[in-house]
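J.: Got a structure for you, questions after.
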Amino acid sequence: MVIDKEMFKMDYVEKLQTMFAEDAIDASPLHQYYALGALVKDYCSKPWIESNNEYGKNRGKQVYYFSMEFLVGRLLNSNLVNLGIKDVCDKALSELGISLIEVEDIEADAGLGNGGLGRLAACFLDSMASTQVPGHGCGIRYKYGLFKQKIEGGYQVEVPDNWLKNGNAWEIRKESKSVEVKFAGDVHLEVVGGVTKVVYENYQVVRAVPYDTPIKGYHNNTVNTLRLWSAETMEEDFDFSSFSQGNYAKAGENKYSAEAISQILYPDDSYEKGKLLRLKQEYFFVSAGLQSILRNYKKKKITIKEFHKHIAVQINDTHPAVAVAELMRLLIDEENLSWDDAWYITTKTMAYTNHTIMAEALEKWPVDMFKRLLPRIYMIVEEINRRFCNEVYHRYNGDWNKVNKMSIIYDGYVRMAYLAIVGGHSVNGVAKLHTELLKHQELSDFYEFFPEKFNNQTNGITHRRWLLNSNEKLAKLITGTIGNEWIKSPNKLEKLMGFAKDSAFQEKIQNIKTNNKINFSNYVLANYGTSIDPSSIFDVHVKRMHSYKRQTLNVLHIMHLYNQLRENPNFDMVPRTFIFGAKASPSYYIAKQGIKLINTLANKINNDPIARDKIKILFMENYGVSLAEKIIPCADVSEQISTASKEASGTGNMKFMMNGAITIATLDGANVEIFDAVGKENIILFGLTAPQVIEYYKNKNYNSYDIYNSDLRVNTVLNHLINGFLETPNNEFMGLYDSLLSHNDEYFVLKDFDAYVNAHSEIDRLYRQKSIWQQMSIINIAKSGIFSSDNTIKKYAKEIWETPPVNIKL
Ligand code: 26Q
């Protein structure tokens, strides 16, 4: 795009005038932001139309990424960069007396996700557009994103995230593309003239209205679409008779129940099962998405029997798995295909990504609820299951045990993962280890039955957001050193290997890190009133709060360090700042205790003269995408310490290494592949391996009391949780304490404690050797290119979707 500064200034001033009747000088920051957003969206519109035209006439294939979550964060900066007009914009604005950085800060994060799975979807959008894959997102336009976290008295308090309060600069409401989604009612089959027809009556209709956001590729003309559906009432559903009788509450009932569907994002809360509204949400966006895909497809005038040659649907975890049955319904009931034809097309279209190995997190729905809400869909699921069970029965010579184990409907529940596996042609895990565990543990029956469906797609991150845009100084240094090819071809970062031992380069890397840490410290002081020392080691643990992610292990280690300092104030350690950021699910009691514990300990240690120059603890409130972009470039140490076998992949681990942090890790998820990439010299590993953990579970021969009784360090820190040492009521951390002892430490925190302490000593030792540390850091950056989601997307496109790149010409 060729826009020079003067043109940009003219366009921008005009935008402010037409939108708000204001001059640049008088415009409020909010108006400055919205005008800029509108202008940037304008610049996207031509290539957007062109992309849609090309995809419309193109006889090739498009992919739709179906996801309940898109954790996009902010878009202004990344759109400016991808359009190639960031510098022009920066200069133009500053000549108008406006600071781009300040304007960027106005944008609310689109926090439509819980964590990794939602952020992965957002990284994939950026990479699909940037690698010219015709791929779009399909999801829900939640009125409220994941709650905002406030910390009060050390406790998490949840506040609604009203992210649309001031509007959304990027979306376009496409009223005319609305579709109807039907719920509940009665279904029966009728034979008319020898043909069986489905009769569906007395249903409730909800209107699904799409809001489209352009997804601009980096320095190309591709603009894909993120289509998020909003639930509205059908006009005719408004109860006018109640209204005219003055019964306004009753008149609005339908409206509220329909609109509730896209009101709020559910927190990742595997403990609360069977929420009707959640199932409504799932079916709502899946049905709307598939209907709109089908409508577009039919415009192309290609036979419906070739649908799967032109459309791929990726199901992001089981949340959209009902898509299997919905596509069957559309093909059979609306397009009049036979069951067999519909099944062929559906299985060739659908592909499923699994993001978890925790059995309790696999979604299942009570049959009663499912049947009542989605009667026609349930009928189809039953038929899918009948045919599938039949096959299993015959393959295993009438082994009912096998049939029960694999049945989609079992014990009063619909098992969504099984529906997705049976109804698609591909099942993938998100890291090598994870895929192996799926194949040989959790889903081994299905792997045995459909070995050809299983494949691995290791996660990735967009190196544009997570390096180019969020760590500008490092990006500049890299470009100055190896050229700018890495931005389009991230594997080229490998060229930095040639500079790993170069002391001048090492110093530059170190200066950038220090600079980032200073800026961040100033930000923390200004916004949180806490002073942290930029010359200390920044040791960062940011992710959702979860027992298996073991924030507790980190805390127990800090308590142990503190005890060593109390015993010997001259205890020799490089000063450390332990930085945490984590939201806990509102009903996850132990996770919330973890947050309170970190804050309690922070309060004690940060105010204790014995320790405060050596240890600082900072809990960053409301961890999310924008905060991650600030923190990650400052990290020296990246904490990736989940119980081996539990973290499917992790993606934060990749972001940190890309910014030169050294990882302290268990051999879990993608840590294994990071280890393979950087080698044992450049990562600090510790702890049980996945096979060891699995052995312990199987043999039930771990007893956490043994460690409590034999390791004085463990004994002391655990006692400190409950004996008043933390100056809180004695039962404050009883739940946590019990989970580690009387509930036998399900996640092996105590078992890994000793190894973790040693790993941290090793970090302390290495950090003192400046040159070695910088060399490790450079090697991590150099090897991080393989974890760009550009690579991940290319692999999905080749192995699952069969979608070659489409070049968009203007
Ligand atoms: C389920 C039912 C009801 C309500 C909510 C949910 C729900 C919502 C979100 C369940 C799970 C999630 C999110 C899971 C998630 O983020 N998983 C992470 O996915 C990443 C991307 O693949 C991996 O890197 C992480 O290892 C994995 O934990």
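J.: For the stretch 324-354, how many residues meet the condition of being closer than 26 Å to Leu125 by Cβ and either surrounded by fewer than 22 Cβ atoms within 10 Å (Cβ to Cβ) or within 16 Å of the ligand (Cβ to nearest atom) (or both)?
T.: 7
J.: Also, I was wondering about something else. Could you tell me which of the residues Leu164, Leu125 is surrounded by fewer than 24 Cβ atoms within 10 Å (Cβ to Cβ) and not in a strand (DSSP E or B)?
T.: So the residue among Leu164, Leu125 that is surrounded by fewer than 24 Cβ atoms within 10 Å (Cβ to Cβ) and not in a strand (DSSP E or B) is Leu164.
Table: residues versus (1) surrounded by fewer than 16 Cβ atoms within 10 Å (Cβ to Cβ); (2) closer than 25 Å to Ile518 by Cβ; (3) of a type in the set (A, V, I, L, M).
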| residue | (1), (2), (3) |
| --- | --- |
| Ile579 | no, yes, yes |
| Lys596 | no, no, no |
| Ala611 | no, yes, yes |
| Met620 | no, yes, yes |
| Tyr623 | no, yes, no |
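J.: Then there is this: Would you mind stating whether Ala312 is surrounded by 18 or more Cβ atoms within 10 Å (Cβ to Cβ), assigned to a helix (DSSP H, G or I) and more than 16 Å from the ligand (Cβ to nearest atom)?
T.: In short, no.
J.: Report the residue count in the stretch 94-124 for those that are more than 14 Å from the ligand (Cβ to nearest atom) and in contact with a strand residue (DSSP E or B) (Cβ under 7 Å, 6 or more places away or on another chain).
T.: 2
Residue by residue, here is whether (1) touching a residue at least 12 places away in the same chain (Cβ under 8 Å); (2) on the phi > 0 side of the Ramachandran plot holds:
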{"residue": "Gly289", "(1), (2)": "yes, no"}
{"residue": "Ile302", "(1), (2)": "yes, no"}
{"residue": "Glu306", "(1), (2)": "no, no"}
{"residue": "Gln314", "(1), (2)": "yes, no"}
{"residue": "Asp317", "(1), (2)": "yes, yes"}
{"residue": "Ala321", "(1), (2)": "yes, no"}
{"residue": "Met328", "(1), (2)": "yes, no"}
{"residue": "Trp343", "(1), (2)": "yes, no"}
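J.: Based on this model, can you work out whether Ile357 counts as more than 16 Å from the ligand (Cβ to nearest atom) and of a type in the set (A, V, I, L, M, F, W, C)?
T.: Here the answer is no, as Ile357 does not meet what is asked.
J.: Can I ask one more? For Ile101, are the conditions met, namely being assigned to a helix (DSSP H, G or I) and at pLDDT 95 or above?
T.: Yes; evaluated as a whole, the condition is true for this residue.
J.: Just wondering, is there one or more residues in the stretch 80-97 that are modelled with pLDDT of 95 or more, of a type outside the set (Val, Ile, Thr) and within 22 Å of Gln314 (Cβ to Cβ)?
T.: Looking for residues that are modelled with pLDDT of 95 or more, of a type outside the set (Val, Ile, Thr) and within 22 Å of Gln314 (Cβ to Cβ), one finds none in the stretch 80-97, hence no.
J.: Working only within the stretch 128-145, note down all residues that are farther than 19 Å from Ser788 by Cα, away from the ligand (no atom under 16 Å from the Cβ) and part of a loop (DSSP other than H, G, I, E, B).
T.: Arg141, Lys143, listed by residue number.
J.: Does Asp269 satisfy the criteria of being surrounded by fewer than 17 Cβ atoms within 10 Å (Cβ to Cβ) and under 27 Å from Asp161 (Cα atoms)?
T.: Here the answer is yes, as Asp269 does meet what is asked.
J.: I want to confirm something. Restricting to the stretch 443-465 and keeping residues that are under 22 Å from the mean Cα position of the chain (by Cα) and part of a helix (DSSP H, G or I), which single residue is surrounded by the most Cβ atoms within 10 Å (Cβ to Cβ)?
T.: His463
J.: What pairs can you find where one residue is in the stretch 471-492 and closer than 14 Å to Tyr218 by Cβ, the other is surrounded by 14 or more Cβ atoms within 10 Å (Cβ to Cβ) and of a type in the set (D, E, K, R), and their Cβ atoms are less than 6 Å apart, with a gap of 6+ or different chains?
T.: Glu485/Lys492; Trp486/Lys492; Pro490/Asp790
J.: Can you pull out the residues in the stretch 624-655 that are of a type in the set (Gly, Ala, Ser) and within 12 Å of the ligand (Cβ to nearest atom)?
T.: Passing the criteria: Ser642, Ser645, Ala648, Ser649, Gly650, Gly652.
J.: Residue by residue through the stretch 635-649, note down the ones that are closer than 25 Å to Tyr767 by Cα, part of a loop (DSSP other than H, G, I, E, B) and among the small types (Gly, Ala, Ser).
T.: Residues satisfying the conditions are Ala635, Ser642.
J.: Under the condition of being surrounded by 14 or more Cβ atoms within 10 Å (Cβ to Cβ) and not charged (D, E, K, R), which residue from the stretch 232-248 is modelled with the highest pLDDT?
T.: Thr233
J.: Checking the condition part of a helix (DSSP H, G or I), crowded, with 21+ Cβ neighbours inside 10 Å and either at negative phi or touching a His at 6+ places or on another chain (Cβ under 8 Å) (or both), which residue from Ile781, Ile786 passes?
T.: Just a single option satisfies the conditions, and that option is Ile781.
J.: While we're looking at this one, here's another question. Just the residues that are away from the ligand (no atom under 16 Å from the Cβ), touching a Lys or Arg at 6+ places or on another chain (Cβ under 8 Å) and of a type outside the set (Lys, Arg), please, taken from the stretch 61-93.
T.: Result: Asn77, Ser78, Asn79, Leu80, Val81, Asn82, Leu83, Val88, Ala92.
The values are calculated or read from the model by the stated rules, or taken from the named source; none is laboratory data. Since this is a predicted model, take the numbers as computed values, not measurements. Cβ sites come from the backbone with ideal geometry, for glycine too, and all protein chains shown count toward neighbours.
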